[in-house]
Amino acid sequence: MLPAIPAFAAASVTQRWRRPFPGTPDQAAAARRFTTMLRSGRPVLDDVLLTVDELVVNALRHTESGQPGGTFAVDIVSRGGSVAVAVNDEGAPCEPAVADAGDDAESGHGLRTVSLLASGWGWFGNDRSRAVAALFTPTAVSLGEIA
């Protein structure tokens, strides 16, 4: 069972941005630049950037978005002190799940990292289209604050 994604805190202004990208590996950096442009100077920027990167890499590695001609899109929604980020991909037959990768494993840590950074995360969709999203609320503790 997936963890519940907490709801946005009440606020009067919601800002939404969406940008599509070609499904090529170099576009992970472009997605991070897009996110940085919109979130620069805001709380938990590093955590949001790492999450966007992990979700984009997963879309490129594990879904049709990473195949020739594939695409993905990044959505950013900000309301009050909260921000949600989502990566929309072209789907896959398997469901996104936190893996039990060993400490020395070269992959398999992405969604575990997202689950530790975000207030909540989840996904919806099917084998043709899917969105994986994470929510950051003002009460979330950044890993940078723990160190």
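Summary table
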| read-out | value |
| --- | --- |
| Pairwise FRET efficiency - HIS62 versus ARG42, Cβ, R0 = 25 Å, nearest 0.05 | 0.30 |
| 3J(HN,Hα) from dihedral phi, segment 115-127, Karplus parametrisation 6.51/-1.76/1.60, rounded to Hz, x for glycine, proline | 5, 7, 7, 8, 5, x, 8, x, 8, 8, x, 8, 6 |
| Built amide H within the under 5 Å cut-off of GLY70, gap 5+ | GLY23 |
| Whole-Hz ³J(HN,Hα) from phi, Karplus 6.51 cos²θ - 1.76 cosθ + 1.60, for segment 26-39, glycine and proline x | 5, 7, 4, 5, 5, 5, 5, 5, 4, 5, 4, 4, 7, 10 |
| Accessible area in the full protein assembly, largest first, 1.4 Å probe, for THR63, THR71 | THR71, THR63 |
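The values are calculated or read from the model by the stated rules, or taken from the named source; none is laboratory data. These figures come from a predicted structure and were not determined experimentally. Please note: Cβ atoms are built from the backbone with ideal geometry, for glycine as well, and neighbour counts cover all protein chains shown. The area values use the complete protein model at the heavy-atom level, side chains included, leaving out ligands, DNA and RNA. Shrake-Rupley method; radii C 1.70, N 1.55, O 1.52, S 1.80 Å.
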